[in-house]
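Below: one structure, written as structure tokens.
The values are calculated or read from the model by the stated rules, or taken from the named source; none is laboratory data. A quick note: this is a predicted structure, and the numbers were derived from the prediction, not measured. Heads up, the Cβs are rebuilt from the backbone with ideal geometry, glycines too, and the neighbour counts pull from every protein chain shown. The accessibility values were calculated without ligands, DNA or RNA, using every heavy atom of the protein model including side chains. Shrake-Rupley method; radii C 1.70, N 1.55, O 1.52, S 1.80 Å.
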Amino acid sequence: MRSMLPVSRPSLGAAELEEVRKVFDTGWLGLGSTVLEFENTIRDFLGVRNVIAVNSGTSALHLALDGFGIGAAASDEVIVPSLTFCAAIQAIVGVGARPVFCEVEPATLNIDVRDVERLITPQTKAIMPVHYCGRPCEMDALLDLASRHDLIVLEDAAHAFGSSYKGKRIGSFGDVGCFSFDPIKTLTCGEGGAIVLSDDEVAEEIRRKRNLGIDKDTWSRYRGERSWFYEVTTRGYRYHMSNINAAIGLAQFKKLETFISRRREIVESYNRAFAGLRGVQLLDWKLEDTAPFTYIVRVQNGKRDQAMDFLKDQGVGTGVHYIANHIQPFFASYACSLPVTENLWKEILTLPLYSDMTDEDVDRVVEAMKSFIDVL
């Protein structure tokens, strides 16, 4: 019996182990010079002023909101798609703000800018677009809307490291951008995230907040000097990245273009194979601008769960990215009617996509999906 083909899997090897070994040899495993090197590498790649490495994408979202003062008033609102991972909503709630759920576009699963405009109130402080599957949102329209209403744009770029919009890297458009480098992302640090922004003053505040609000000579910490004196000057959290995670990320970064290229090839193969397949709706991809994170199709006519069961029997893992947040029990007080999202989340099916997939693996997925359609 063939092993189950996973939905996602990190691509790791000797290079990552060697970088981690170098950190072990220094004896300095926490926040240090390797983190600084990782931050500088990401900064140069994105072309931004400030990169702050943290221990998860969720921490990045929470710190970014906190750093810009969102949630300082209980009435503060953040407009966010309901169709995203719950981490984004937990970050909003975590700073004391109110998530206001909006619709997404069926063709891309990206934020519906027209619906965002409908939801803006005097309490709105920020918009949090999500670059779904790595495909860039329409940033020009979002930035224009935000400018007219004096709103912060926080890019949730957890899916989109390496993607671009009109020649500029995703994550560098809004007031602040947040990335995730968890185990299944295109580039992984094992666990990790990053905040990118141009405002030096806010960036310095976020740097203090990621390390328990401690204000001290940051560079001496990067050098590994164990200075005993510190001052706590603001509310803070234990959110910093470790040298171990940064080392993995540095090794991964050298492979990034290879990872992206392979993922694009797989998406192209899927798109060709599934084009015109009865009961299956493909998303609209702009692969030349997209570093693909997940591959999602819409299985229509109420057959999504049946497809998942069939593919599992064929040895193909699947997933649902994601269950709409406005129907989650913990977020019930923010519930609203979102008919487009409520239909979409019951149709979306995530198929295997990762950099080490072979052509034979891709063929297995294609054959399983076609077999499912044949038995309907």
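Apply the Karplus parameterisation 6.51 cos²θ - 1.76 cosθ + 1.60, with θ equal to phi minus 60°, to every residue of segment 174-186 and state each ³J(HN,Hα) to the nearest whole Hz, in sequence, with x for glycine and proline.
x, 5, 7, x, 10, 10, 10, 10, 6, x, 9, 6, 4
Work out, step by step, the length gained on full extension between residue 306 and residue 117: first 0.36 nm times the residue separation, then minus their alpha carbon distance; give nm to one decimal.
Additional length available on full extension: 64.4 nm.
Just in segment 1-110: which trypsin sites (Lys or Arg not before Pro) are loop by DSSP and have at most 12 other Cβ atoms within 10 Å?
2
With axes computed from alpha carbons, what is the tilt in degrees of helix 14-26 against the longest principal axis of the chain, rounded to the nearest 10 within 0 to 90?
With rounding to tens, the tilt is 20 degrees.
Once the whole set of protein chains is in place, how much accessible area is left on residue 345, using a 1.4 Å probe, in Å² to the nearest 10?
50
Simple spin-label model, 7 Å along Cα-to-Cβ: residue 238 to residue 138 in nm?
Reported label-point gap for residue 238 and residue 138 is 4.5 nm.
Using the Karplus equation 6.51 cos²θ - 1.76 cosθ + 1.60 (θ = phi - 60°), what ³J(HN,Hα) coupling, rounded to whole Hz, does each residue of segment 117-129 give in order, writing x for Gly and Pro?
Ordered by residue, 3J(HN,Hα) equals 4, 4, 8, 5, 10, x, 8, 5, 10, 7, 10, 10, x Hz.
If you count the DSSP beta bridges with both ends in the chain, what percent of them are antiparallel, to the nearest 5?
Roughly 60 percent of the DSSP beta bridges within the chain come out antiparallel.
Over the Cα atoms of segment 244-321, how large are the radius of gyration and the largest Cα-Cα distance (Dmax), in Å?
For segment 244-321, the Cα radius of gyration and maximum Cα-Cα distance read 15.7, 47 Å.
Evaluate the distance, in nm, between pseudo-label points positioned 7 Å from the Cα of residue 212 and of residue 198 along their respective Cα→Cβ axes.
3.5
Quick check for me: using +1 on Lys/Arg Cβ and -1 on Asp/Glu Cβ, what's the dipole size of the chain about its Cα centre, in debye to the nearest 20?
Dipole about the Cα centre, nearest 20: 460 debye.
Please report the antiparallel percentage of the DSSP beta bridges confined to segment 88-232, to the nearest 5.
Once the DSSP bridges in segment 88-232 are tallied, antiparallel ones form about 60 percent.
Which value, in debye to the nearest 20, describes the size of the charge dipole of segment 1-117 about its Cα centre when Lys and Arg Cβ atoms bear +1, Asp and Glu Cβ atoms bear -1, and nothing else is charged?
340
Which percent of Cα pairs goes in each bin when the distances of segment 1-98 are cut into 5 angstrom slices starting at zero?
Cα pair-distance distribution for segment 1-98, in percent: 2, 10, 13, 14, 15, 15, 13, 9, 6, 2, 1, 0.
Quickly estimate the mean residue ellipticity at 222 nm for the chain, helices only: each DSSP H run with n ≥ 4 gives -39500 (n - 2.57), and the total goes over all residues, rounded to 500.
Theoretical 222 nm ellipticity from helices: -11500 deg cm²/dmol.
For the chain, what percent of Cα pairs sit more than 28 Å apart?
So the portion of pairs separated by more than 28 Å is 46 percent.
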